[in-house]
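For reference, the structure is listed below as structure tokens.
The values are calculated or read from the model by the stated rules, or taken from the named source; none is laboratory data. These numbers come from a predicted model, not from an experiment. Methodologically, a virtual Cβ is constructed for each residue, glycine included, from the backbone with ideal geometry; neighbour enumeration extends over all protein chains shown.
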Amino acid sequence: MKPANDKWGFRAEGSEQINLDKADSSLYRRLLNREPGFAACLFCGSCRATCTSGNEGMNFRLAHLLLQRGETARLKSLTDPCLLCGKCTLVCPRNVNIRAVVYNLKIMLHEPF
Ligand code: SF4
Ligand code: SF4
């Protein structure tokens, strides 16, 4: 017999709500120190839509979100495919130097914390 919360063919998962005031955003703040213009990102997704390595899993918008939330475990796999081609930087409406942000993030992910 199916569990009670599965009888409708779906189940309610636990909340993924996090308290941003308590999230460890130290890596995000270090990155902002190196590239302050990064703070202007409005999560529009244009960089993701035009990314040369999008099919390989590069996702700058998601990486930014995870950085803010202090969830760093997936950052390396999300940014490793980046070729540093700079195409995303050409379409960013907020003139974020995405290539420089990713370049610095790649370096920081390989530095000891
Ligand atoms: S294109 Fe610019 S503003 Fe839009 S999500 Fe990417 S970095 Fe942020
Ligand atoms: S610099 Fe990286 S994130 Fe930007 S378009 Fe090129 S591969 Fe994608």
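Annotations for the structure displayed:
- Extreme residue, surrounded by the fewest Cβ atoms within 10 Å (Cβ to Cβ), among residues of the range 50-63 that are free of Cβ contacts under 8 Å to residues at least 40 places away in the same chain and more than 10 Å from the chain's Cα centre (by Cα): Asn55
- Of the set (1) closer than 25 Å to Pro93 by Cα; (2) surrounded by 13 or more Cβ atoms within 10 Å (Cβ to Cβ), all apply to Thr72 but (1).
- Scanning the range 80-104 for residues that are within 14 Å of the chain's Cα centre (by Cα) and near ligand 2 (Cβ under 8 Å from one of its atoms) yields a count of 5.
So that you can scan it fast, the table gives a plain yes or no per residue for (1) hydroxyl-bearing (Ser, Thr, Tyr); (2) surrounded by 11 or more Cβ atoms within 10 Å (Cβ to Cβ); (3) at pLDDT below 95; (4) not in a helix (DSSP H, G or I):
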position: Arg11; (1), (2), (3), (4): no, yes, yes, yes
position: Asp21; (1), (2), (3), (4): no, no, yes, yes
position: Leu32; (1), (2), (3), (4): no, yes, no, no
position: Leu65; (1), (2), (3), (4): no, yes, yes, no
position: Leu84; (1), (2), (3), (4): no, yes, no, yes
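- Here Ile107 meets each of (1) surrounded by 15 or more Cβ atoms within 10 Å (Cβ to Cβ); (2) within 15 Å of ligand 2 (Cβ to nearest atom); (3) outside any loop (DSSP other than H, G, I, E, B) with one exception, condition (1).
- Filtered residues of the range 34-60 (kept if more than 10 Å from ligand 1 (Cβ to nearest atom), outside any loop (DSSP other than H, G, I, E, B), in contact with a helix residue (DSSP H, G or I) (Cβ under 8 Å, 6 or more places away or on another chain) and closer than 17 Å to Leu78 by Cβ): Gly54
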